[in-house]
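Peer 1: I am attaching a structure below and will ask some questions about it afterwards.
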Amino acid sequence: MANFDLTRINCQFLDRHLTFPLLEFLCGKEIYNQQELLEYILETVNKTNMIDYTMDTRKRLNLSQEMPEELVQRKAEVLATLKQLQNEVAPIMKATDILKNGESMKDSKTFVNALQKDYNFKVEHLESAYLAKYLYECGNYQESTSYLYFCLIVMSPNDKNYLNVLWGKLAAEILTLNWNTALEDLTRLRDYIDNANFSTIQALQQRTWLIHWSVLVFFNHPKGRDLIIEMFLYKPLYLNAIQTMCPHIMRYLATAVVINRTRRNALKDLIKVIQQESYTYRDPITEFLECLYVNFDFEGARLKLHECQTVILNDFFIVACLNEFVEDARLMIFETFCRIHQCITISMLADKLNMKPNEAECWIVNLIRNARLNAKIDSKLGHVVMGTQPLSPYQQLVEKIDSLSMRSEHLAGLIERKSKQKQNQESADSWKYY
Amino acid sequence: MSRFFANGSESESESSEEEIQATNFNKASAFQFSDDEEEVKRVVRSTKEKRYENLTSIIKTIRNHKKIKDIPNTLSSFEDLTRAYQKALPVISKEENGITPRFYIRCLAELEDFINEVWEDREGRKNLSKNNSKSLGTLRQKVRKYIKDFEDDLSRFREAPDQESEAEDEVVALESDGGDAGDDSDAGVKPTEAAPKAVKSAPAKAAPADDDDSDDSIDWDSDSESETESSDDENQYQNMRERFLKRTTEKEEKDDDKRKDKRKEQKTKIRKRAEDDEDGEWETVVKGHVVEKPKMFEKDAEIDVPLVLAKLLEIMSARGKKRTDRRLQIDLLFELRDISDQHNLGTAVSVKIHFNIISAIYDYNQKISEPMKLEHWALLLEVMQSMMKLLLANADIIMSESVAEEHEEYATSPFYVRGCPLAAVERLDDEFVKLLKECDPHSNDYVSRLKDEVNVVKTIELVLQYFERSGTNNERCRIYLRKIEHLYYKFDPEVLKKKRGELPATTSTSVDVMDKLCKFIYAKDDTDRIRTRAILAHIYHHAMHDNWFQARDLVLMSHLQDNIDAADPATRILYNRMMANLGLCAFRQGNVKDAHHCLVDLMVTGKPKELLAQGLLPQRQHERSAEQEKIEKQRQMPFHMHINLELLECVYLVSAMLLEIPYIAAHEFDARRRMISKTFYQQLRSSERQSLVGPPESMREHVVAAAKAMRCGNWQACANFIVNKKMNTKVWDLFYESDRVREMLTKFIKEESLRTYLFTYSNVYTSISIPSLAQMYELPVPKVHSIISKMIINEELMASLDDPSETVGMHRSEPSRLQALAMQFVDKVTNLVDVNEKVFDMKQGNFFQRGNMGNRGDRGYNRNQNNQGGNWLGQRRDRNNRNRNQRGHHKNNQDRQQQQQQQVQTIDEE
């Protein structure tokens, strides 16, 4: 299944630290050679300051038990720098702790003022950002976030490091699995990117990064499923970024749409985009939708659904929604089926849904009971008979007329309101001359 | 920019060659070099002379026009002549006691003869073009009327027509004071001083001038242009140099005397040569207009760089002057090049001379609208190539426009030369296209011309290499664009092979080259035009090689559709060509809808030929002026770049058919139906109107016949009409992978026929078996299934599938007549409400903000009435009083939008 694996591409757009979970995840999947993967991890880790992790990886690679001398040395060095940085920032942090309890915490300006007044603090000497970065490099994300939080309060949005701090905060929050704050940071970062005046290429780059990072947040936050559709599909800027820079994100968008039952109307727009981009990116998930909603090829959809399962199973981002996906995909197939059929054999249906006939019957019964479906089962022949009634001309007529009077009334109301407004104004005007 | 580009503008006068020269002579005096000379002129030239000069020049043009039977121009010249004569009348009456000058009478007589001759020649008259014969009639009338005033003179002239004609000929040839000469000798009224002198000077020039004095004495005090002819005189050169170049080589002055002698010797030799040339070159070298070729250098002169450069300047400073023999200049430059090569003066000098040769050759052809001579062009190509080779071989020569003339450096490396190879090569390319357009595209001539394209491309490649080495971004963009323009319309089969994997992925194809060039331009270009053209060419190239998605994305991302109207005509033509090709590409790739969409703008006007610049339409009511026509001709594409129009039309019609026929079937009773393709509809209608329809002959008839077959769902017949032997040779074989296209086409025909069939006949079935449908249309069952499913989902077909029996059950309960009409009516009312809303939206902005009260009240009243009308209509409708209702509807909406009225009327008709 290596051919549908997106880790390689996704990692290009993620922070070094964010790739570790992905790579570790892959280690468990046995798609690639374990040895090679670990070596790759080691190589990446070496570029950070996470010495312990490096050692751990070395162990897993069964390299010599003895840690090389330089590693130990580096560890000491790292600790020393850390301590030094911490010392530098310590007074400010202490002050912050004190102030935190007081009233001045309420808004950032009074807070900064208080700091400046009482503790001789200068915004220019803001080492805490560097410290946070260093902590982050060492893998100490928790502490990093608290420092960054401080930075965000103190810094003005015009500061040249503000963007970096925002990114750092988001990364750290993601790595500490703190989804609520991560979502907050995400929106803050997005607003910043949308409002800052980057050149077009820079903005595109920033957005592409944001899209990738946000996928992590969206699939883990309960509200994320609506938000991902909102952001990727209905914000033209981000849709453009996806289309030009990273069409593979279509997979996540498609998954999000499929597992979101309340947003069925997004499906139509999604399919349009999928068709447009079908030449640059296709995988079983997008193909499944294409089969089902463009070609009405149920057999093809069935096969694709099967493939989808393996793809999802091997994708770090969406592995959690596998069951939901399968369930919803089945429902989609069945719904489409019902819309065009008046009579379906259960065995065929079971075949199309990758289910056993008994299970399928049970499933349909459940659907009927939940009143999602107007149908009856003919158990002698093993058929499901739909209860659809064709629309009579009279009904059609009524349906069409329905809105007419509403619209006319609305229009008349508008006109009336306008003229009244005008008259009022006029009478007011005419009094002026007296 | 160099001078030969300055006269490259389109504003150049459109008059013929002769006229230019004639006017040149008239102006000649104004451009003399030294002041004292000018004074001499002023004294001698009287009003009479000026008028006469004017007359004679016009007469000469008339003669020339007559020779080539260019009647419209003769007419206009005749009008000029009468006007000029009117002007000259006071002078004539004063100076000649009111006797009409003989040469004028003579001209009139000749003109009359000419007209009569043409008029009598009935056979020839029939063959005249419309324009010509029209002007002939006008001319004849005018001349008849005009010569009534001169009847006496004419009859006198006709008695002795040949008298002094020789003298006159000569006079006309001499032109400037010709009027005088002819006039005195003929009428003998008042001999002027100029005449004898002119006569005297003419033989003096004609005979090989051996005596030193003649140069100074005769030429200097004569007022005719014979002195300009001897403008190679040393003094004038001196003047020129002092004036324009501000630099005199002392050495040369010393050598003056010697050189004079030398030149005299050479003169005879050169003149002979020039006269020999004259035979073939009548249009540029006028009789008696001979320029002596100056001697290059002294025998013993030490030839070094400054000397050669000075000489070069001397030659080049004569360019653009009225009396310069341009041909001679070229020869001189070549000689100079040989000399400099012999003396090893360095490549920089050689490059400079090369460049000057190029500009001299460009100068040779004065009219920008006409192509240069073939041999000159070939020469040009050769010189250009050798210059570029020199430039490329010597990295230390920097040739650029930005080098100022003072900073040119020839002696030591690095050399700096002023000049612009880019402009030269661009002109070379333009001239090549002009040459191509000149010859008949179906002749062998064209093919042999086209062979030179390789050389042009090679030259461009050389220049490109040069600019890649040392050029600004802008220059590189320009030369890249030139290359792109030679590349984009050529099909490279390797691209498709590579796509299929038959060639290794590393082979460089034309698409890769295009990519590289275009991307450079996208990144570096700062003029919008080059980028736009590059994008268009890029899309064209992609479309040509079936890279549909890339091409489409480029179109969409560039947003060209929005602002192409603001572009220059050439770019718009390229845009049209691109669109046409994109449409073809979409069709080949099976995107019928996109194909139709791309082509509809081109085809709906009915003149794709004009839009693609592949030929002019015949003239209609609003005739183009000659000037307009000339400009349009210049824009035409050379034949080898044409897009086959029949193919284009066929693709358009077929895709329109595939869209329109099922649509018509689906919306047979729909009041809101709109045409998808107007052109296709017209074809269909016109064929229906015919009382007898024969078997199809032309491509259009084939498509129409196919459309009719498709209407009944008869896919077999439809496919046979579209894909058959005749259509293959006419259209489909023009595609690269024609078999694939035909296959695809048949598949589409089957599918759309099936859809049409279902739409048309679904009301006669209660159920249809899917397998039998599949058999009928020779489609696989799943495909039929999927087509029907799609129709059901889109609510086009009121039906549902029955899985166990594999049938389609129809739900469509046929509405009764009343119901159907009610539905139509509802549609109409919906339309009404839509329009109401639209009108409100439109007026909202300024509706209530009008100044006066009465106006406002009126409008408000109207609006209310309309609303009432709507309500009233609604009440009536309940009573089912259909006819009155509709009439009322009609009446109420009389002031409504026309669109609605039409619809109501169609209902009434029904």
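Peer 1: Give me, ordered by chain and number, the residues 5 or more places off A:Val384 or on other chains with an amide H under 5 Å from its own placed amide H.
Peer 2: A:Ile344, A:Thr345, A:Ile346, A:Asp378
Peer 1: Same structure, new question: Multiply the residue separation of A:Gln275 and A:Cys362 by 0.36 nm, subtract the distance between their alpha-carbon atoms, and state the gained length in nm to one decimal.
Peer 2: 27.8 nm
Peer 1: Any idea which of B:Ala424, B:Leu435, B:Ile358 is furthest toward the positive side of the dipole for the stretch B:302-470, if Lys and Arg beta-carbons carry +1 and Asp and Glu beta-carbons -1?
Peer 2: It is B:Leu435, whose Cα lies furthest towards the positive end.
Peer 1: Pairs B:Lys519/B:Lys607; B:Lys67/B:Lys630; A:Lys422/B:Lys843: which are spaced more than 26 Å apart, C-alpha to C-alpha?
Peer 2: From B:Lys519/B:Lys607; B:Lys67/B:Lys630; A:Lys422/B:Lys843, over 26 Å: B:Lys519/B:Lys607.
Peer 1: What does the stretch A:247-350 give for Rg and for Dmax, in Å, if only its C-alpha atoms count?
Peer 2: In order Rg, Dmax, the Cα atoms of the stretch A:247-350 give 13.2, 41 Å.
Peer 1: Something else: Return the long-range amide H neighbours of B:Cys712 (sequence gap of 5 or more, or a different chain), with a cut-off of under 5 Å between placed amide H atoms.
Peer 2: Amide H to amide H, under 5 Å and 5 or more residues apart or across chains, B:Cys712 pairs with nothing.
Peer 1: Any chance you could check the Cα centroid distance between the stretch A:307-373 and the stretch A:171-248 for me, in angstrom?
Peer 2: Result: 31 Å between the Cα centres.
Peer 1: Ranked from highest to lowest mean number of other Cβ atoms within 10 Å per residue, what is the order of the peptides B:704-716, A:42-54?
Peer 2: Output ranking for B:704-716, A:42-54: B:704-716, A:42-54.
Peer 1: Averaged over peptide A:398-407, how many Cβ atoms belonging to another chain are found within 10 Å of each residue's Cβ?
Peer 2: Mean inter-chain Cβ contacts per residue within 10 Å come to 3.
Peer 1: While we're on this one: Give me a single rounded figure for A:408-416: the average over its residues of other chain Cβ atoms within 10 Å of their Cβ.
Peer 2: Per residue, the average neighbour count from other chains is 5.
Peer 1: Here's another thing I want to ask about it. Roughly how many debye, to the nearest 20, is the charge dipole of the stretch B:643-762 about its Cα centre, given +1 on each Lys and Arg Cβ, -1 on each Asp and Glu Cβ, and no other charges?
Peer 2: Using only the charged Cβ atoms, the result is roughly 280 debye.
Peer 1: Over the alpha-carbon set of the stretch B:643-762, divide Rg by the Kirkwood Rh and report the Rg/Rh ratio to two decimals.
Peer 2: Across the stretch B:643-762, the Cα-based Rg/Rh ratio is 0.96.
Peer 1: Taking the number of other C-beta atoms within 10 Å as the exposure measure, put B:Leu307, A:Leu289 in order starting with the fewest.
Peer 2: Least crowded to most crowded, the residues run B:Leu307, A:Leu289.
Peer 1: Moving on. Please arrange B:Met387, A:Met250, B:Met675, B:Met798 by how many other C-beta atoms lie within 10 Å of their C-beta, fewest to most. Intermediate results must be reported in sequence, preceding the final value.
Peer 2: Values: B:Met387 27, A:Met250 24, B:Met675 13, B:Met798 16.
Lowest to highest Cβ neighbour count: B:Met675, B:Met798, A:Met250, B:Met387.
Peer 1: Could you list which residues have their amide H under 5 Å from that of B:Thr807, counting only those 5 or more apart in sequence or on another chain, with H placed in the peptide plane?
Peer 2: B:Ile770, B:Asp802
Peer 1: Only sites in a loop by DSSP and with at most 15 other Cβ atoms within 10 Å count here; which chymotrypsin sites (Phe, Trp or Tyr not before Pro) in the stretch B:483-592 make the cut?
Peer 2: B:Phe491
Values quoted throughout were computed directly from the atomic coordinates according to the rules given, and no laboratory measurement underlies them. The model shown is predicted, which means the values in this text are computed figures rather than measured ones. So basically every Cβ, Gly included, is an ideal-geometry build from the backbone, and we count neighbours across all protein chains shown.
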